[in-house]
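The values are calculated or read from the model by the stated rules, or taken from the named source; none is laboratory data. Since the model is a prediction, treat every value here as computed from it, not as a measurement. Heads up, the Cβs are rebuilt from the backbone with ideal geometry, glycines too, and the neighbour counts pull from every protein chain shown. Areas reflect the complete protein model, heavy atoms only, side chains present, ligands, DNA and RNA absent. Shrake-Rupley method; radii C 1.70, N 1.55, O 1.52, S 1.80 Å.
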Amino acid sequence: MSEPATGISRDDVVHLAGLARIDLSDAELDHLASELPAILEHVASVQEAAGDDVPAMSHPVPVDNVFREDVVRPSLAPEDALAGAPASDQQRFLVPKILGES
Amino acid sequence: MSTDLTRKTADELAQSLAAKEVSSVEVTQALVDRIGAVDGAVHAFLHVDAEGALATAADIDDRRAKGEQLSYLAGVPIAIKDVLATKGMPTTCGSKILEGWIPPYDATVTATIKAAGLPILGKTNMDEFAMGSSTEHSAYGPTHNPWDTTRIPGGSGGGSAAAVAAFEAPLAIGTDTGGSIRQPGALTGTVGVKPTYGGISRYGLVAMASSLDQAGPVTRTVLDAALLHELIAGHDPMDSTSIPDAVPPVVAAARRADVKGLKIGIVKELGGEGFQPGVEARFTEAVELLTSAGAEVVEVSIPSLKYALGAYYLVMPSEASSNLAKFDAMRYGVRVAPAGVDDPSAEQVMASSRDAGFGDEVKRRIILGTYALSSGYYDAYYGSAQKVRTVLARDFAAAFADVDVLVSPTSPTTAYPLGEKLDDPLAMYLGDVATIPANLVGIPGLSLPVGLADEDGLPVGLQFLAPQKADDRLYNAAAALERMLEQNWGGTLLSRAPELEAAR
């Protein structure tokens, strides 16, 4: 498959899906590979407005780190925190293996 | 009697409740009955809590009978968009990945509404994780526009807007990331307000794009929106982006409703090509009314608006791809094991769960956001988009140096048929061109119904924009225009909506 002008190929979409931790079907990968270049082409105009002298704005209001006193406060009870979990055991989230060991 | 109650505004209901002419149980029951009769055709709700709403109503009636001092809107029922956490009530964000999830805590907005004694009728339908402009991207099926049920209600808050337009709720809460309160407001003939960013707590709002998302009111009148706005606004220490300033006096502004001497700027770039003739016609007439009431109207230019849509469609998916990383099938949400894999790893389970749980539009935006944030492309895309926000903020500041408020049509078109733009994301994204700039720079916006387009008889909205923290200016100008329009129409626009067929 030829490389689109924006430089995003089907292989790139496969790589992005891996980064985003989404198993996409072949049909979904094909579809996104044909759609994303058009969307990216459309949004690429932002580069025209962005001179080196313009500061980036991440938030419409100034945001600072917010600290509080390190004191114990009421929080969710373990049973509430676990109530929506797909699986739990003895007040813990039960998850599939994380390391490559069985 | 019960049908009359569903048609009353929140302010009328509050007055009748205070005067004990009607009980909250009667009002709530009337709305529950209305939902039962028409929601099959509209599908505004994903979850209805008749029992809980009636229990709150009975409690408020009881407390009122005892002479307790109550909040002004106590006993007036409300619907809440399914993106806000409601303790003990399902919250799905219109997504399969959260099917059946019941939050163990309340969003601050929800907690405020509960504390003020407003019966919560239920949760309203939305595009999945608020990604969409038509409410067709809900995993639970689309909402239908009460004006014509073959058409979209707008999005992503189509459920909230449709519930208010279909007389299923006098008040609703929406959230607006790129126009998700204002655009459905325009398409359903309701009033929708995106407050100043940080003016209303975002704690417990399931985030799509944290620097853009803002909760706000959806109502049938400007005064009702002001009453709800003032109730839910204010500083929240649980939200680090919450503004620690006093709430603008929006209710007083809505009651003042006087545009004499007000300077109003028409945004040159938000009109003309791409805007439906019927939308332009109603907009022009509304501006003439404002002029006749003593406002001074001038044309202003915001040159960087041509970059706003591009900047939005980079910032939003970038933040969404990051925010939605928390849906990892470990602590909540659905967990789907990959097919044909023995003893799968957490990473494999995560990937298969996210494939099964997310819909097409969510996947599209996550992949787009992952690309825009990835090494080598960050400066060209996400970094440039953030610079556009700076340029846009400077342009808006220059415009507001000359005028008090800005106006434009809210949406370039009226409601289009369901399915028409579903396979063309770019076409759908263009529908947000007039609403997106306010989110990028954090200013407030209000959409007011200004009539019906000649070509299709569907509602048209006019958008007011004001500087940050000057939300009261929107309410003053919109209330003045609303008063003149309703005098001309001899009633509200929504009273002209076709009667919905009760479910048979």
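Here are a few things to note about the model shown:
- Qualifying positions in region B:13-41 - of a type in the set (Val, Ile, Thr), closer than 25 Å to B:Gly155 by Cα and in contact with a strand residue (DSSP E or B) (Cβ under 8 Å, 6 or more places away or on another chain): B:Val32, B:Ile35
- Restricting region B:206-235 to residues that are among the acidic types (Asp, Glu) and open to solvent by less than 10 Å² (accessible area, probe 1.4 Å), the residue that is farthest from B:Tyr312 (Cα to Cα) is B:Asp224.
- Just so you know, in region B:339-357 the residues that are outside any helix (DSSP H, G or I) and more than 7 Å from chain A (Cβ to nearest Cβ) include one that is most open to solvent (accessible area, probe 1.4 Å), and it is B:Asp342.
Conditions (1) crowded, with 18+ Cβ neighbours inside 10 Å; (2) more than 24 Å from the chain's Cα centre (by Cα); (3) acidic (Asp, Glu), marked per residue:
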| site | (1), (2), (3) |
| --- | --- |
| B:Thr6 | yes, no, no |
| B:Asp59 | no, yes, yes |
| B:Gly67 | no, yes, no |
| B:Leu70 | no, yes, no |
| B:Leu73 | yes, no, no |
| B:Ile78 | yes, no, no |
| B:Gly94 | yes, no, no |
| B:Leu98 | yes, no, no |
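- Candidates B:Gly141, B:Gly198: the one that is more than 30 Å from B:Ala480 (Cβ to Cβ) and assigned to a loop (DSSP other than H, G, I, E, B) is B:Gly141.
- Boolean, B:Asp432 is open to solvent by less than 30 Å² (accessible area, probe 1.4 Å), part of a loop (DSSP other than H, G, I, E, B) and in contact (Cβ under 8 Å) with a residue 24 or more places away in the chain: yes
- Matching residues, region A:82-100, being in contact with a strand residue (DSSP E or B) (Cβ under 9 Å, 6 or more places away or on another chain), surrounded by 14 or more Cβ atoms within 10 Å (Cβ to Cβ) and at the interface with chain B (Cβ under 7 Å from one of its Cβ atoms): A:Ala85, A:Pro86, A:Pro96, A:Lys97
- B:Glu136 vs. criteria more than 20 Å from B:Leu205 (Cβ to Cβ), open to solvent by 10 Å² or more (accessible area, probe 1.4 Å), acidic (Asp, Glu) and in contact (Cβ under 8 Å) with a residue 40 or more places away in the chain: yes
- Members of region B:400-425 found to be part of a helix (DSSP H, G or I), in contact (Cβ under 8 Å) with a residue 12 or more places away in the chain and either open to solvent by less than 10 Å² (accessible area, probe 1.4 Å) or more than 10 Å from B:Gly265 (Cβ to Cβ) (or both), listed by number: B:Pro425
- Annotation: of all residues in region B:273-331 being under 25 Å from the mean Cα position of the chain (by Cα) and outside any helix (DSSP H, G or I), the one that is surrounded by the most Cβ atoms within 10 Å (Cβ to Cβ) is B:Phe327.
Listed here are the residues, each with its yes/no results for (1) within 8 Å of another protein chain (Cβ to nearest Cβ); (2) assigned to a loop (DSSP other than H, G, I, E, B); (3) not acidic (Asp, Glu).
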residue	(1), (2), (3)
A:Pro37	no, no, yes
A:Gly51	yes, yes, yes
A:Val54	yes, yes, yes
A:His59	yes, yes, yes
A:Asp64	yes, yes, no
A:Phe67	no, yes, yes
A:Arg73	no, yes, yes
A:Leu76	yes, yes, yes
A:Asp80	yes, no, no
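- Residue, farthest from B:His137 (Cα to Cα), within region B:359-376, restricted to residues that are more than 7 Å from chain A (Cβ to nearest Cβ) and under 25 Å from the mean Cα position of the chain (by Cα): B:Gly369
- Index of the failed condition, B:Pro459 passing every other in (1) buried (at least 21 other Cβ atoms within 10 Å of the Cβ); (2) within 24 Å of B:Ser304 (Cα to Cα): (2)
- One residue alone among B:Leu440, B:Leu446, B:Leu481, B:Leu474 is open to solvent by less than 30 Å² (accessible area, probe 1.4 Å), modelled with pLDDT of 95 or more and not in a helix (DSSP H, G or I), and that residue is B:Leu446.
- Evaluation of A:His15 against (1) at pLDDT 90 or above; (2) more than 19 Å from the chain's Cα centre (by Cα); (3) open to solvent by 20 Å² or more (accessible area, probe 1.4 Å) (one fails), failing number: (2)
- Qualifying residue in region B:492-499 (condition: over 29 Å from B:Ser201 (Cα atoms), open to solvent by 10 Å² or more (accessible area, probe 1.4 Å), in a loop (DSSP other than H, G, I, E, B) and aliphatic (A, V, I, L, M)): yes
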